[in-house]
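The structure under discussion appears below in the form of structure tokens.
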Amino acid sequence: MKSKNLLALSVLVPGLMISGIITAAGGAGGAEGKAELEKALTLKPDVENGMDIYEVCAGCHLLEGWGTADGNYPQLAGQLAGVTIKQMADIRGGNRDNPTMYPFTLDRAIGGGPQGLADVAGYIATLKMIPENGVGKGEPGSEEYKHGEKLYKENCTDCHGAKGEGHKEKNYPRIAGQHYKYMVRQFEMIRDGKRRNANEDMVKQIKGFSEKDMQAVINYTSRLPVPAKDKAPSMDYKNPDYD
């Protein structure tokens, strides 16, 4: 296994005064942040270096990148690299509020500037996805499932794809295989104006959704099948890169 120095940092830093870290460290906001994002999106990732960097993420997202079904940490495994780069750059630049994750997006934590972002995002994209992600209560064939399917096809496919595969060129996330409770939390934050980097079109799209609508469409989304080639073979799977 690679060095555990970064993994140790990921365990220790959440106990620090995060607001103080943010104030002291600053962020690559504004034009600087945009330039860093645009640069990172053009770079070829060094996946080997990305594997080393990823150890700082594994303290929360697990070595497999599967996150947790309770909604606290999303599945990262298999996410489109551009999406991961954009979200990390937004958090680092102060365009998305996430005090817990903020220190781990800083250059002093992952190193390499734009190249570091590209490297870790490139590695994350290679990880096998969880075979049994957290799902909602509505089983296929239920009224909730059918309602969610209708809402998804009417409102979500243009950006996230019919199969939840995302959009590589526009950096719209892959949402198939994501945990239900995490998606609920993000949906609520976007709907309530608490996620500042949210896509404006999505904000408008979901404005009229009721609580029932939200639960139904996310239940359906959480049950979108992930291609077998992208999934780990079982829940007992361990990331072989860290043997």
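The values are calculated or read from the model by the stated rules, or taken from the named source; none is laboratory data. Here the structure is a predicted model, which is why all the values come from computation and not from measurement. For neighbour counting, all protein chains shown are included, and Cβ atoms are generated from backbone atoms with ideal geometry for every residue, glycine included. For the accessible areas, the whole protein counts, side chains as well, though only heavy atoms, and no ligand, DNA or RNA atoms are used. Shrake-Rupley method; radii C 1.70, N 1.55, O 1.52, S 1.80 Å.
Numbers below:
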{"quantity": "Test: THR126 is polar (S, T, N, Q) and touching a residue at least 60 places away in the same chain (Cβ under 8 Å)", "calculated": "yes"}
{"quantity": "Filtered residues of the range 158-174 (kept if assigned to a helix (DSSP H, G or I) and in contact with a Phe, Trp or Tyr (Cβ under 7 Å, 6 or more places away or on another chain))", "calculated": "CYS159, HIS160"}
{"quantity": "Residues located in the range 212-234, provided they are open to solvent by 60 Å² or more (accessible area, probe 1.4 Å) and assigned to a helix (DSSP H, G or I)", "calculated": "LYS212, GLN215, ALA228, LYS229"}
{"quantity": "Of residues in the range 175-194 being of a type outside the set (D, E, K, R) and assigned to a loop (DSSP other than H, G, I, E, B), the one modelled with the lowest pLDDT", "calculated": "GLY193"}
{"quantity": "Candidates GLY166, GLY161, filtered to the one that is of a type outside the set (Ser, Thr, Tyr), without any contact (Cβ under 8 Å) to a residue 60 or more places away in the chain, touching a strand residue (DSSP E or B) at 6+ places or on another chain (Cβ under 7 Å) and farther than 23 Å from GLY93 by Cα", "calculated": "GLY161"}
{"quantity": "Conditions (1) at pLDDT 95 or above; (2) open to solvent by 30 Å² or more (accessible area, probe 1.4 Å); (3) in a helix (DSSP H, G or I): number failed by TYR237", "calculated": "(3)"}
{"quantity": "Qualifying position, being of a type in the set (Ser, Thr, Tyr) and over 29 Å from TYR237 (Cα atoms), among THR42, THR100, THR84", "calculated": "THR42"}
{"quantity": "Among residues of the range 197-211, those that are outside any loop (DSSP other than H, G, I, E, B) and either basic (Lys, Arg) or more than 23 Å from ARG92 (Cα to Cα) (or both), counted", "calculated": "4"}
{"quantity": "Entirely in the range 66-151, the helices (runs of 4 or more DSSP H) that have 3 or more residues that are open to solvent by 10 Å² or more (accessible area, probe 1.4 Å) and of a type in the set (Phe, Trp, Tyr)", "calculated": "none"}
{"quantity": "Meets criteria (open to solvent by less than 50 Å² (accessible area, probe 1.4 Å), within 20 Å of the chain's Cα centre (by Cα) and β-branched (Val, Ile, Thr)) for VAL203", "calculated": "no"}
